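Scroll down for the structure; my scribbles are underneath it.
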Amino acid sequence: MYNNKKVNTELCVSLKTMLRNDCMMKPGRNYLGMLRSDVECEEFRYDSHFTFVETNSSTIVKRNPRVFSGQYITITQQDDGTLRPNFKPMKMGPGFSPERYATAVANELMWALEGLIEEG
């Protein structure tokens with residue numbers, strides 16, 4: 001998940017939060033915003049101090065954006081970059097043919113993936 005990213009764990013940190021709706025951060029909930037290191041601590045006599053400011057909901061990027069929408073399927077992209085195909089509701093009426101439906105879904109999936117995945 002963190003390919004080509006620098007990962008660091010800050011120890012002994014004081015964190016001030018400025019949240020829009022919650023008084024305190026809730027365990028397991030993700031908050032979008034900006035994190036700022038307030039002072040540079042080169043000596044280890046005191047804790048580093050950070051401030052987190054939650055951003056406005058208008059700046060929030062939609063999670064798992066839809067990268068393909070067809071007649072039978074949609075494909076969304078997960079946070080880690082993987083693609084997830086999703087079936088749309090199946091309309092079964094008079095003249096419904098399982099063979100034609102399965103072929104149409106397979107063709108649409110193939111066309112979608114050809115446009116989304118680069119050949120290696």
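The values are calculated or read from the model by the stated rules, or taken from the named source; none is laboratory data. No experiment lies behind these values; they were computed from the predicted model shown. Counting neighbours? That spans all protein chains shown, and the Cβs are built from the backbone with ideal geometry, glycine included.
In region 74-93, what count of residues is obtained for those that are under 14 Å from residue 117 (Cβ atoms), hydrophobic (A, V, I, L, M, F, W, C) and out of contact with any helix residue (DSSP H, G or I) (no Cβ under 7 Å at 6 or more places or on another chain)? Walk me through it before giving the result.
Filtering region 74-93 for residues under 14 Å from residue 117 (Cβ atoms) gives 75, 77, 81-85.
After this cut, where a residue has to be hydrophobic (A, V, I, L, M, F, W, C) as well, the list is 75, 83.
Adding the requirement that they be out of contact with any helix residue (DSSP H, G or I) (no Cβ under 7 Å at 6 or more places or on another chain) leaves none.
Of the residues in region 74-93, 0 are under 14 Å from residue 117 (Cβ atoms), hydrophobic (A, V, I, L, M, F, W, C) and out of contact with any helix residue (DSSP H, G or I) (no Cβ under 7 Å at 6 or more places or on another chain).
Only residues that are of a type in the set (Val, Ile, Thr), at pLDDT 90 or above and not in a helix (DSSP H, G or I) were counted across region 74-120, and they come to 3. The number of residues in region 48-71 that are assigned to a loop (DSSP other than H, G, I, E, B) and modelled with pLDDT of 80 or more comes to 5.
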